[in-house]
Structure formats: C-alpha cells, structure tokens
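Derivation of every value follows stated rules applied to the coordinates shown; laboratory data play no part. None of these values were measured; they are calculated from a predicted model. Backbone-built Cβ (ideal geometry, glycine too); neighbour counts: all protein chains shown.
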Amino acid sequence: MLNEYEEYFDVVNEDDQAVAKLPRSEVHRRKLRHRAVHVFLFRQDECLLIHKRADSKEEFPSVWTSSCSGHVSAGEDYDATAVRELFEELGIESAVERLQKFSACDDTSQEFTVLYRCCSDVAVTPDSSEIADVLWMPVDSIQDWITRSPNDFSPAFRLLFACFMAQFRIAESRPHRQP
C-alpha cells in the first residue's frame, strides 16, 4: 500500500524510461536513478540567482546551488516540474527555456537532470524550508568563487554551471552573421 504522505518518484532505467514507482526515501536510500530539474533564474542585468540550501536538507545542506531545483514526481514531466519548482521555491511565475538534459551520475545523485533558464526582475520570495539565503551575482563572479572554493557548491550545480558557461554563455557571445 502506498503511503499517501510521502512523495513518490518514477525510478528510471539507463534510458530514462520509468520502470517502477517508489517512495522518495526508498529511492534515495537505494541510490536508484530518478529525475530532477534545475532552473537558472536571471535578471535583465544578467545576474544569476543562486541559493544556499537550508541546513535541514537531506543532501548537501548549507551549500550554494541553482536558483531552484527539485525532483520530478511520479507521472510528472520535466517541463511542468521546472515551472512548479520555480513557483514553489521562489514565488516566480515564468516561462522556462529548456537548455540541456544530463544523464544520471554521481554528481547529480543518480538523477537524470534537465537544466532550464528563465529571466525575471520580479522580487523572489524564497521558501525558507528549502532556502537559507539567496544571492544575485554575475556569472563570472560565480565562476571565480567556484574556482576558489568548489566545495561551497553542490556537485550538481558545479556540473550544470560548467556546461552552461562552456556551451550557452560562449554561444551567446559569438558574433551573429549577417545574411
């Protein structure tokens, strides 16, 4: 019988296909593959919001990470989860742009992860049960901080941020060709 009070995840195979539905605690205890999203929230001034995870978090408490992130619940899709997490954790209603999907690995805690980006100048209202603090920073300053003190950040954030800087930031800075 399912415990209706515990969140359930789709357990997935190496191809990200659902093979079972189990409670969160069981998925994490057994280190089974499952799904998550991360959202990078930017302001118009190109600063990225990062947040410090609450001390009470099960994994990686008190470290800095993406603007918001969360698990994909059983039966939910990545895109809907990104919009939901953005609202639940930061109080922001915004469209999101899917950037890249990452395979489950140790750095993502066995989570297939989709990275999203959005932009909003609306004031955030962080969920204090999830978030201890927030900072708006230019991405170059975040990169410098990661270089100096990588353990201040979650492994998943370091992986996603490195990809963002290498693929998306560089691509945006390339000159556009005239037709």
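General observations
- For the pair GLU97 and THR125 in one chain, pulling the backbone fully straight at 0.36 nm per residue adds 8.0 nm over the alpha carbon distance.
- Under the span-like rule (Cα at least 15 Å along the axis, Kyte-Doolittle mean at least -0.5), DSSP H helices of the chain: 78-90
- The chain - percent relative contact order, Cα under 8 Å, separation 6 or more: 23
- Chain lengthening between TYR5 and ASP152 when straightened (0.36 nm per residue, less Cα-Cα): 49.7 nm
- Using the Cβ-Cβ distance between GLU76 and VAL134 with R0 = 22 Å, the FRET efficiency computed as 1/(1 + (r/R0)^6) comes to roughly 0.30.
- For segment 4-57, the share of alpha carbon pairs falling in successive 5 Å distance bins from zero is 4, 15, 17, 17, 14, 13, 11, 7, 2 percent.
- Where (1) 11.0; (2) 11.8; (3) 17.5 are the candidate values, the label of the one calculated here for mean projected area of the Cα convex hull in nm² is (2).
- Once you reduce segment 1-55 and segment 87-118 to the center of their Cα atoms, the two points are 9 Å from each other.
- Among 36-47, 62-73, sorting by the average number of other beta carbon atoms lying within 10 angstrom of each residue, highest first, gives 62-73, 36-47.
- For the pair ALA18 and CYS47, the difference between a 0.36 nm per residue extended length and the Cα-Cα distance amounts to 6.8 nm.
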